[in-house]
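The values are calculated or read from the model by the stated rules, or taken from the named source; none is laboratory data. Computed from a predicted structure; not experimentally measured. Note that each Cβ is placed from the backbone with ideal geometry, even for glycine, and that neighbours are counted across all protein chains shown.
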């Protein structure tokens, strides 16, 4: 009987993992976080995150970034831990709406890196997570802010996406995977967030893991992000293409402008590791 049930459990696990990808979280505002200071009362210091990025983040010749997880020493881990403790001890509603965007983006990315380091070596973030049949750590309650337990999905889908309604959010929250948009080489701040949002969109759309035309331009391979979160990029393929053209370089934009073939999607979950 055990020999019969074991393969069934394995098959069920694979089906559930596949389903979890197809059922990407929707925007669902958590009203507890929809509060902002009307004026800037305090400054948020993201310099510790910048030092970490300067030390361990590498950019290849295609402008894709990779993190040297294996090189992060004890001091680097402790400094990252202190930075995350500093962020979680702040009271986000005491910040302006403009301050909160870089706060949540940096928090998400730094926590993701910490998760990888806590379980390193690993081949993929999808191997992490507390749930036996889960797919990755995104639903785990791993942050505590104002006595509220939050998950990475809470930060992305119940705070950032519904509050800012900006599709560029998808280009700046990093999932530690090869196909993910870059982990930005600069910490997000009040002064540079809009510039980094624009640059991150351009970097991803003009890289083959984001957008790639194949077979003499008759087929379009896109990152699965555009499939999972189409609602954020447009109501249909035409509006999605309009979004892509907005950030594409002139050559790619011209190709997309005349494209009328088939669209497929792909995603590589292997670790975004610099070796």
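Restricting to the range 128-139, name every residue that is out of contact with any helix residue (DSSP H, G or I) (no Cβ under 6 Å at 6 or more places or on another chain) and either more than 26 Å from residue 75 (Cα to Cα) or in contact (Cβ under 8 Å) with a residue 40 or more places away in the chain (or both). Of everything in the range 128-139, those that are out of contact with any helix residue (DSSP H, G or I) (no Cβ under 6 Å at 6 or more places or on another chain) and either more than 26 Å from residue 75 (Cα to Cα) or in contact (Cβ under 8 Å) with a residue 40 or more places away in the chain (or both) turn out to be 130, 131, 132, 134. Here residue 107 passes the criteria (1) assigned to a helix (DSSP H, G or I); (2) more than 22 Å from residue 169 (Cβ to Cβ); (3) touching a helix residue (DSSP H, G or I) at 6+ places or on another chain (Cβ under 8 Å) except the one numbered (2). Do we find a residue being surrounded by fewer than 14 Cβ atoms within 10 Å (Cβ to Cβ), in a loop (DSSP other than H, G, I, E, B) and modelled with pLDDT of 95 or more anywhere in the range 15-24? So far as the range 15-24 goes, no, none of its residues is surrounded by fewer than 14 Cβ atoms within 10 Å (Cβ to Cβ), in a loop (DSSP other than H, G, I, E, B) and modelled with pLDDT of 95 or more. For the range 140-175, filtering for residues that are under 18 Å from residue 229 (Cα atoms) and in contact with a helix residue (DSSP H, G or I) (Cβ under 9 Å, 6 or more places away or on another chain) leaves 21.
Pairing each residue of the range 258-275 that is closer than 16 Å to residue 237 by Cα with any residue that is surrounded by fewer than 13 Cβ atoms within 10 Å (Cβ to Cβ), provided the two are 6+ apart or on different chains, yields C-beta distances under 7 Å for 261/218. Every condition in (1) within 29 Å of residue 202 (Cβ to Cβ); (2) more than 21 Å from the chain's Cα centre (by Cα) is met by residue 108 except one, and the failing one is (2). Any idea which of (1) touching a helix residue (DSSP H, G or I) at 6+ places or on another chain (Cβ under 7 Å); (2) in contact (Cβ under 8 Å) with a residue 60 or more places away in the chain; (3) over 21 Å from residue 142 (Cα atoms); (4) part of a helix (DSSP H, G or I) is the one residue 55 doesn't satisfy? Condition not satisfied by residue 55: (2). Only one of (1) surrounded by 14 or more Cβ atoms within 10 Å (Cβ to Cβ); (2) within 20 Å of the chain's Cα centre (by Cα); (3) over 20 Å from residue 153 (Cα atoms) is not met by residue 60, so which one is it? (1) is the only condition that residue 60 fails.
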